[in-house]
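Let me begin by presenting the structure, written as structure tokens, before commenting on it.
The values are calculated or read from the model by the stated rules, or taken from the named source; none is laboratory data. Only a predicted model underlies this, so the values are computations on that prediction, with no experimental measurement involved. Neighbour counts are summed over all protein chains in view; Cβ atoms, including those assigned to glycine, are modelled from backbone coordinates with ideal geometry. Accessible surface areas use protein heavy atoms only, side chains included; no ligands, DNA or RNA. Shrake-Rupley method; radii C 1.70, N 1.55, O 1.52, S 1.80 Å.
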Amino acid sequence: MENFRIEKLEKKYIEDVFLIEKTFFGLENSSVIESSLESETLDYYVLLEGRKVVGFYECSIILDEAELFDIALREEYQGKKLSNILMNHLIENCRHRNVRTIFLEVNINNTKAINLYDKFGFKEYSRRKNYYGDSDAILMKLELV
């Protein structure tokens with residue numbers, strides 16, 4: 001894991017992040033990512049191997065609450081425990097900023113993500129019926145206090 005590091009999103013990483021976002025979340029252009037650079041509440045971090053963006057996470061922090069919007073790794077980097085690096089950074093970043101609770105929402109069919117969130121102590125607190133068409137969204141939270 002020593003070959004990997006996390007940095008705050010910079011303009012030079014936007015195209016790489018966009019390619020990952022497009023693959024996994026269907027994002028149609030990079031303007032949304034670029035606009036996050038100006039946001040005071042969005043935290044966007046990239047996981048780098050050398051100069052290559054291999055993953056990222058995006059969250060919003062407002063007062064003492066955070067919401068994880070996206071976390072993703074390039075397909076060829078999945079299954080190598082690299083998401084643990086991103087999740088540990090997210091949690092430490094939130095603790096450093098006095099966040100009490102991290103919220104997220106995940107498709108009930110996304111078992112890889114659910115297993116990751118379970119591993120880090122997130123608990124289901126609600127569901128949104130048919131939020132993703134035919135499948136529900138699971139709402140989860142992690143209490144940091």
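Things worth noting here:
- Taken about its Cα centre, the chain carries a charge dipole of about 440 debye when Lys and Arg each add +1 at the Cβ and Asp and Glu each add -1 at the Cβ.
- Rounded, prolate or oblate (a/c below 1.5 giving rounded, otherwise prolate when a/b exceeds b/c) for the range 49-92 by Cα gyration tensor: prolate
- Of the accessible area of the chain, computed with a 1.4 Å probe over protein heavy atoms only, carbon and sulfur atoms account for 46 percent.
- 1.4 Å probe accessible area per residue over the range 50-91, in Å²: 48 Å²
- Given a 1.4 Å probe and the protein chains as shown, T111 ends up with an accessible area of around 80 Å².
- Tail fraction, Cα-Cα pairs, the range 66-131, threshold 20 Å, whole percent: 30 percent
- Relative intensity, log₁₀ I(q)/I(0), of the range 94-145 from a Debye sum that treats every alpha carbon as a point, q = 0.31 Å⁻¹: -1.15
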